[in-house]
1. Any idea what angle helix 62-71 forms with the longest principal axis of the chain, computed on alpha-carbon atoms, 0 to 90 degrees, nearest 10?
2. Answer with a single label: of (i) 61, 45, 30; (ii) 70, 32, 29; (iii) 56, 36, 30, which was calculated as Cα extents along the principal axes in Å from the structure in view?
3. Considering only DSSP states other than H, G, I, E and B, which trypsin sites (Lys or Arg not before Pro) in region 65-100 qualify as loop sites with at most 15 other Cβ atoms within 10 Å?
4. For the chain, take the longest principal axis of its alpha carbons; what is the angle in degrees between that and the long axis of helix 174-188, to the nearest 10 within 0 to 90?
5. Which value at 222 nm does the chain reach when only helices count, each DSSP H run of 4 or more adding -39,500 (n - 2.57), with the total divided by all residues and rounded to the nearest 500 deg cm²/dmol?
6. With angles folded into 0 to 90 degrees, how steeply does helix 193-202 sit against the dominant principal axis of the chain? Use alpha carbons for both and round to 10.
7. Where the centroid of each part is defined by its Cα atoms, how far is region 1-59 from region 141-206 in Å?
8. Answer rounded, prolate or oblate for region 1-72, using the Cα gyration tensor with square roots of eigenvalues a ≥ b ≥ c: rounded when a/c is under 1.5, else prolate when a/b is larger than b/c, else oblate.
Amino acid sequence: MIRIAIADDHTVFREGLVSLLSEDNNVSIVAQAKNGKEVLEILENESIDVLILDIEMPEMDGFDTIREIRQLDIEVRVLVLTMHSSLQFIKNILKAGAHGYLPKDVGKTTLLNALDTIHRTGQFHSPETAKMIMDDLREDTHTTAISPREKEVIQLIADGYTTQEIAEKLYLSRHTIESHRKNILLKLGLKNSAGLVKYAIRKGIVYC
C-alpha cells in the first residue's frame with residue numbers, strides 16, 4: 001500500500017484527484033494540503049511514501065516546499081503534478097529535488113504507474129520527459145565542443161556582422177570565417193545562421 005499526500009491549492013482538482021486515486025486498492029490517501037506549510041506539518045506527523053505536489057501554491061510554493069523537505073532530510077518521494085511543461089521548468093524541479101514530474105492532464109493509468117514506479121525505484125520519468133532531457137543533454141554535449149574562437153564568431157554573427165566584417169574584426173581571412181561557420185553548423189546539426197543564432201541564444205552561448 002502506497003501512502004499518499006496530495007498538495008494543491010485548487011480544492012476541486014485536489015478532491016477530484018483524491019476520488020480518482022481512492023479507487024485503486026494499492027493507494028491510500030493519508031492527507032491533503034493546500035500549501036507548502038501544511039505539507040511540512042503533515043510530514044512531521046504522518047509517514048508518507050509519495051507526495052503529489054503542485055508548484056504554484058500560496059504561502060509556500062512547490063519549489064520552496066521541495067527545498068525545505070530536502071533540507072530537513074524528510075524521507076518522502078515527491079511527484080510534481082503541474083500545468084507547466086517546459087524543459088527548463090522540468091529541469092528546475094528535478095534540480096530542486098523532485099523525484100518525478102507529470103503534467104496535470106495526465107491519465108489515471110499513467111499517474112498510478114508513476115506513483116508505483118517512484119515508490120519502488122525512487123524516481124519516475126515519462127518517455128516524453130526522458131526524451132526531452134536526453135535531447136537536451138546531447139545538445140549540451142555539442143555545445144561544449146564549440147571552441148572559444150567559434151564562440152566569438154557566433155557572437156559576431158548574432159550581432160549582425162557580415163562574414164567580411166567578422167574577418168576584419170578577428171584579423172582572419174574571409175575563408176577562415178566561412179570555415180568556422182560551416183564547422184559550427186556541422187557540430188550543432190544546424191542548417192543556417194538564423195537557426196544558429198536562435199540556438200546560441202537559447203543555450204546561453206551568446207547574448208543579444
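1. 80
2. (ii)
3. Values: sites: Arg67, Arg70, Arg77, Lys91, Lys95; in loops: none.
Taking region 65-100 and a limit of 15 other Cβ atoms within 10 Å, no loop trypsin sites (Lys or Arg not before Pro) are found.
4. For helix 174-188, the angle is close to 20 degrees.
5. On the way: 10 runs with 117 residues, N = 208.
Per the formula, -17500 deg cm²/dmol.
6. 40
7. 49
8. Details: a/c = 2.34, a/b = 1.34, b/c = 1.75.
Oblate shape, in that a/c is at least 1.5 and b/c is the bigger or equal ratio.
Bear in mind these aren't lab numbers, they're just calculated from the coordinates by the rules spelled out. Since this is a predicted model, take the numbers as computed values, not measurements. Because the Cβ atoms are built from the backbone with ideal geometry, glycine has one as well, and the counts that use them run over all protein chains shown.
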